[in-house]
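A short write-up of the structure that comes next.
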Amino acid sequence: MFLLFSGFLLFIVSNAQNKDLQKPVGPIIGKVIDSASGKGIESVAVNVYVKGIKKTVTSAITDHTGLFTVHELAPGTYNFTIQFIGYKTVKLNNIAVKSDNIDLGTIQLGYQSGGQLAEVTVVAKAAVIENKADKIVYNVANDITSQGGVAIDVLKKVPQVTVDIDGNVELQGNSNIKFLINGKPSTAFGNSIVDALSSIPASQIKSIEAITSPGAKYDAEGTGGIINIILKDNKVKGVNGTVNLSAGTRLENGAVNLNVRNGNFGINGFFNGNTQINSRTLTSQDRYTKDTIGQTITHLLLDGYSDFVRTSYQTGIGFDWSPTKKQTITGGLSYFHFGYKSDAVIDQEQHTADFNQNVLSDLYSTRTTSSHYKDGNLEWNLNYKKTFAAEKKEFNIQFSSGYENNHTDYQQNQIYTGQTLPFSGSNSNSPGTTRQTIFGVDFAQPLTSAFLLETGAKITVQNIASVAEVNTLNTISNEYEPDTTQSYHLNYDRKIYAGYVSASFPLFHFLNVKAGLRYEYTDTKIDFPNTEIPAYNTWAPSLLLMHELPNKQSIKFAYTHRIERPDYYDINPFKNLSDPYNISTGNPLLKPEQGDNFELGYNKSFEKGANIYAALVTRINSDDMKRYTEFYPTYQIGDSLYKNVSVTSWTNIGYEIRSGVVLSVSIPIKDRWNIRMNTFISNRRIINELAGGTVTNGLDGRVNVNLTYQLPHNLIMEAFLNYNSPINNIQGKTPQYFSYNYALRKQFFNKKLSFGFTTNNPFNQYVKQVITTTTTDYVSTAIRYMPLRSFGISLQYKFGKLQFKKEEKEKDNLPSPADM
């Protein structure tokens with residue numbers, strides 16, 4: 001397949017070289033800034049017209065720094081129009097385009113005069129999906145099937161991202177992902193990524209970046225890459241905001257945003273909350289285990305249900321201030337709280353026979369389990385940015401800190417059918433805290449107009465303190481007594497020291513190159529008896545090569561080295577006994593997983609917004625970390641002896657090699673239809689050194705299709721279909737998953753008010769999941785019926801009077817000598 005794809009790219013290059021003298025030229029670049037503050041303006045529309053013709057030839061959108069790029073134009077004379085709401089339109093006429101690398105320089109936009117918002121027609125808008133050199137950007141604004149949902153619902157739409165039925169996320173088939181919020185790590189992701197993602201309302205998300213080829217500036221953490229969730233903000237002057245409300249059969253959301261901006265100072269505040277309404281999942285398990293020493297076979301049948309409810313809320317305040325044109329200070333304070341409650345009742349039958357099929361016992365019992373979890377996160381950050389007269393020269397300082405307080409408790413007991421007192425039971429009370437502080441410095445220096453050098457350093461300090469107070473049932477006194485063999489106080493400290501250097505430059509007028517090297521030193525301490533985790537060094541090189549082709553085409557090759565550090569919850573040796581037949585625990589001896597990622601991609605953009613991206617991707621993991629299940633006829637924990645149990649823990653199993661094909665297509669049809677399709681098909685080869693080097697091969701895939709239809713009178717309809725194939729694992733198979741959503745949205749009152757309706761899996765009450773696990777002496781088939789059917793409505797209201805009057809003091813805000 002590699003040869004076929006290489007031949008395809010060679011054909012494209014050869015075809016480009018045979019073009020006549022009308023070969024397009026470019027790129028044409030520029031930067032748009034606020035004339036008062038000197039700051040770059042994001043999302044400004046740059047429209048290009050042929051002189052004398054009103055029809056748009058192409059368009060571009062500025063990034064968060066105000067930079068824009070028009071990739072290629074046929075030689076000729078053009079007019080450029082720069083437009084953004086609340087600012088005066090700027091026109092650049094009679095721009096002669098004759099050669100490559102044209103720089104339009106810095107373009108200043110001034111506010112509209114008067115206190116009312118003048119009408120501005122913006123022709124261009126950001127595409128729903130943007131394929132950039134190192135990442136895919138999914139802009140959430142026009143995603144209506146996710147309205148009223150949460151971050152997990154949005155992630156299902158992002159190309160190369162897979163979300164299973166439990167909310168677990170993979171990027172290019174890898175679940176080891178570094179999650180960021182607004183480009184920063186968050187302690188909210190520390191204990192449960194799924195819970196955190198299920199607590200962020202979709203209405204609060206501006207865009208999601210799936211960074212598949214992170215450069216040296218990014219942390220080396222996450223062999224699968226990085227997912228950055230960018231929350232909504234508002235840079236428009238005045239007082240304004242939004243209110244979002246949704247209600248449904250499974251989820252309820254509410255969010256309020258308020259923005260105040262005057263001159264060079266802006267402040268924003270928000271509050272949101274949601275509740276996943278109590279839902280019941282039906283579960284069963286059919287398990288055979290063989291005890292070769294005792295010469296017995298045990299057949300365990302479990303059948304029951306679990307009820308689950310989750311609640312969360314988040315609030316915060318942030319500011320940005322530009323004391324001079326070239327200096328910006330931003331900061332924020334936020335609090336994030338979420339929790340859940342789960343109650344389960346399981347009927348059990350345990351049938352034991354010898355190898356001659358003589359029945360030794362047949363026991364019927366019932367297990368009841370109740371667990372609770374709550375988590376509170378307080379985070380704050382302060383950042384300083386300084387730009388200089390030289391384009392792209394920047395100095396940044398970032399500081400962030402967070403404090404998390406969590407609490408988990410569970411209680412379970414088992415009682416034989418017909419008895420009044422339980423024959424076993426346990427409960428646990430586990431409070432914990434997490435403190436994390438990050439400090440970083442970055443500097444970018446252009447050595448020439450085409451050569452940019454970047455460097456920086458960072459330190460991350462993390463401390464986790466956890467307590468487990470475990471009590472077991474004394475069946476003689478029928479009292480729960482402290483179990484000192486399972487109770488513990490555990491402290492975990494990690495320090496990561498990092499530095500990087502990166503360079504961006506053209507090569508032979510043919511390639512755009514970005515190469516970098518990152519170094520990280522990791523020192524982890526844990527006070528578990530007889531356990532020492534050695535410190536280690538990580539060198540993480542990265543390379544990105546891109547070649548621009550005519551007609552809005554490009555090819556790229558990317559390589560990154562990434563690692564996955566075992567975190568506190570992977571190595572914590574605490575044994576979870578909420579299900580005494582299926583015990584889970586951590587592994588203090590885990591080593592970091594190493595990953596080498598390769599991507600060879602082709603991108604083609606068309607007029608009117610159509611886009612195709614195709615790529616070959618390969619990831620090679622060594623010391624690959626996976627959850628591994630082992631069976632024990634008897635298992636000793638302190639003074640307690642557990643029989644016929646499986647124990648699941650993280651371990652380094654060996655190697656994993658995954659190679660696949662990525663295809664992302666977006667096609668607008670006329671002015672009303674839009675079709676988007678994302679496909680990822682891969683082959684996964686796992687070499688399990690724990691089982692003598694046995695090899696597991698499997699072909700799996702994921703495809704989703706999004707259909708949007710624009711009706712008259714501001715009414716839009718959308719359908720989303722998603723399919724994940726079954727996946728072969730080293731000890732069984734993960735089941736397939738199919739879901740479908742429908743939605744519509746109607747806007748009123750000049751689009752200030754919108755009403756939406758969404759439904760998920762409306763024709764199926766449950767989604768059936770069959771999970772198999774197989775080892776030498778253990779075969780398990782577990783079945784779940786997940787209640788995913790839901791109906792919901794949503795309401796959004798935008799309020800506030802936008803003011804664009806330019807204060808006199810802004811006119812006098814001249815740069816100081818320090819800015820020069």
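The values are calculated or read from the model by the stated rules, or taken from the named source; none is laboratory data. Here the structure is a predicted model, which is why all the values come from computation and not from measurement. For neighbour counting, all protein chains shown are included, and Cβ atoms are generated from backbone atoms with ideal geometry for every residue, glycine included. Quick note on the areas: whole protein, heavy atoms, side chains included, nothing else; ligands and nucleic acids left out. Shrake-Rupley method; radii C 1.70, N 1.55, O 1.52, S 1.80 Å.
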| query | So which chymotrypsin sites (Phe, Trp or Tyr not before Pro) in the stretch 345-386 end up in coil per DSSP with only 16 or fewer other C-beta atoms within 10 Å? | reply | PHE355
| query | What list of ³J(HN,Hα) values in whole Hz, one per residue of the stretch 774-783 in order, does the Karplus curve 6.51 cos²θ - 1.76 cosθ + 1.60 (θ = phi - 60°) give from phi, with Gly and Pro shown as x? | reply | 9, 10, 4, 10, 8, 9, 10, 10, 10, 10
| field | Positive dipole terminus of the chain, leading residue within GLY66, SER477, VAL513 (C-beta point charges) | value | GLY66
| request: Report the label-to-label distance for VAL695 and LYS643 in nanometres (one decimal), using points 7 Å from each Cα along the Cα→Cβ vector. | output: 4.3 nm
| message | Which one, ILE317, VAL260, SER371, projects farthest toward the positive side of the charge dipole computed for the stretch 235-377 from Cβ point charges (K/R +1, D/E -1)? | response | VAL260
| query | When Lys and Arg each count +1 and Asp and Glu each count -1, what net charge do the other residues less than 11 Å away from GLU718, Cβ to Cβ, add up to? | reply | +2
| note | The answer for the net charge of residues other than ASN405 whose Cβ lies under 14 angstrom from its Cβ, with Lys and Arg +1 and Asp and Glu -1, is -1
| task | Give me the angle, in degrees from 0 to 90, between the Cα long axis of helix 2-17 and the longest principal axis of the Cα atoms of the chain, rounded to the nearest 10. | result | 0 degrees
| said: Taking loop as defined by DSSP and a crowding limit of 16 other beta carbons within 10 Å, which chymotrypsin sites (Phe, Trp or Tyr not before Pro) in the stretch 626-681 fit? | reply: none
| query | How large is the helix-only mean residue ellipticity at 222 nm for the chain, computed as the sum of -39500 (n - 2.57) over DSSP H runs with n ≥ 4, divided by its residue count, in deg cm²/dmol to the nearest 500? | reply | -1000 deg cm²/dmol
| said: If I take the Cα coordinates of the stretch 291-406 and project them onto the principal axes, what are the three extents in Å, biggest first? | reply: 87, 31, 19
| said: Quick check: convex hull of the Cα atoms in the stretch 523-649, volume per residue, rounded to a whole Å³? | reply: 167 Å³
| request: Enumerate the calculated ³J(HN,Hα) couplings along the stretch 647-663 in order (Karplus 6.51 cos²θ - 1.76 cosθ + 1.60, θ = phi - 60°), each rounded to whole Hz, writing x wherever the residue is Gly or Pro. | output: 10, 10, 8, 6, 8, 8, 8, x, 10, 9, 10, 10, 10, x, 10, 10, 9
| query | Considering only DSSP beta bridges with both partners in the chain, what is the antiparallel share in %, to the nearest 5? | reply | 95 percent
| query | With the other protein chains left in place, how much accessible area per residue, in square angstrom, belongs to the chain at a 1.4 angstrom probe? | reply | 46 Å²
| Using a Förster distance of 56 Å, how high is the FRET efficiency between ALA389 and TYR797, based on the Cβ-Cβ distance and rounded to 0.05? | 0.80
| remark: Hydrodynamic calc, the stretch 655-776: Kirkwood Rh from Cα pairs, then Stokes-Einstein at 10 °C with viscosity 1.306 mPa s, so D in µm² s⁻¹ is 90 µm²/s
| Hey, quick one: spin label on ASP233, modelled 7 Å out along Cα-Cβ, who in the stretch 369-406 has an amide N within reach, i.e. under 14 Å? | 381-386, 397-399
| Hull-based mean projected area of the stretch 282-322, where the convex hull spans the alpha carbons, in square nanometres | 7.8 nm²
| Working out 0.36 nm times the residue gap between TYR723 and PHE265, then minus their Cα-Cα distance, what length gain in nm do you get to one decimal? | 160.2 nm
| remark: Taking the convex hull of the alpha-carbon atoms of the stretch 155-224 and averaging its shadow over every direction gives an area in square nanometres of 4.9 nm²
| query | When Lys and Arg each count +1 and Asp and Glu each count -1, what net charge do the other residues less than 12 Å away from LYS31, Cβ to Cβ, add up to? | reply | -3
| query | Which of the listed residues, TYR737, VAL57, THR772, is farthest toward the dipole's positive end in the chain, when Lys, Arg count +1 and Asp, Glu count -1 at the beta-carbon? | reply | VAL57
| message | Given points 7 Å out from each Cα along the Cα-Cβ axis, report the LEU511 to GLU532 separation in nanometres with one decimal. | response | 4.5 nm
| In sequence order, calculated HN-Hα J values of the stretch 425-441 (Karplus, 6.51, -1.76, 1.60; Hz; x Gly/Pro) | x, 7, 9, 9, 10, 10, x, x, 9, 10, 10, 9, 10, 10, 9, x, 10
| Shape metrics for the chain, restricted to C-alpha atoms - Rg then Dmax, Å | 28.8, 96
| P(r) of the stretch 382-463 in 5 Å steps, Cα pairs, percent per bin? | 3, 11, 13, 10, 9, 7, 7, 6, 6, 6, 5, 4, 4, 3, 3, 2, 1
| task | Return the FRET efficiency for the residue pair SER361, THR292: r is the Cβ-Cβ distance, R0 is 25 Å, and the value is rounded to the nearest 0.05. | result | 0.85
| message | Let's test the formula: R0 of 25 Å, r as the Cβ-Cβ distance of HIS372 and GLN736. What FRET efficiency results, to the nearest 0.05? | response | 0.20
| query | If you stretched the chain out fully between VAL703 and TYR766, how much longer would it get, using 0.36 nm times the residue separation minus the C-alpha to C-alpha distance? | reply | 20.6 nm
| task | Taking DSSP loops as anything outside H, G, I, E and B, show the longest stretch in the chain free of GluC sites (Glu not before Pro) there with at most 11 other beta carbons within 10 Å. | result | 120-531
| Per 5 Å bin, what is the whole-percent P(r) computed from every C-alpha pair distance within the stretch 167-281? | 2, 10, 17, 18, 17, 14, 12, 7, 2, 0, 0
| said: How large is the Rg to Rh ratio of the stretch 322-390 when both quantities use alpha carbon positions and Rh follows Kirkwood? | reply: 1.61
| field | Cβ charges +1 (Lys, Arg) and -1 (Asp, Glu), total dipole of the stretch 428-485, debye | value | 380 debye
| query | How long is the gain from ASP409 to ASP596 if the chain were fully straight, where each residue apart is worth 0.36 nm and the alpha carbon distance is subtracted? | reply | 63.4 nm
| Backbone N under 14 Å from the LYS525 label point (7 Å along Cα→Cβ), restricted to the stretch 466-495 | 491-495
| request: May I ask you to list the trypsin sites (Lys or Arg not before Pro) in the stretch 618-655 that are in a DSSP loop and have at most 12 other Cβ atoms within 10 Å of their Cβ? | output: none
| request: Would you mind telling me the share, in percent, of accessible area of the stretch 658-783 contributed by carbon and sulfur at probe 1.4 angstrom? | output: 61 percent
| field | Student exercise, the stretch 262-362 dipole from Lys, Arg, Asp, Glu Cβ charges, in Debye to nearest 20 | value | 1000 debye
| task | Can you grab the distance from the C-alpha centre of the stretch 374-402 to the C-alpha centre of the stretch 206-260, Å, no decimals? | result | 17 Å
| request: Label the stretch 480-527 by shape, choosing from rounded, prolate and oblate, from the square roots a ≥ b ≥ c of the eigenvalues of the Cα gyration tensor; if a/c is under 1.5 it is rounded, and otherwise prolate applies when a/b is larger than b/c, oblate when it is not. | output: prolate
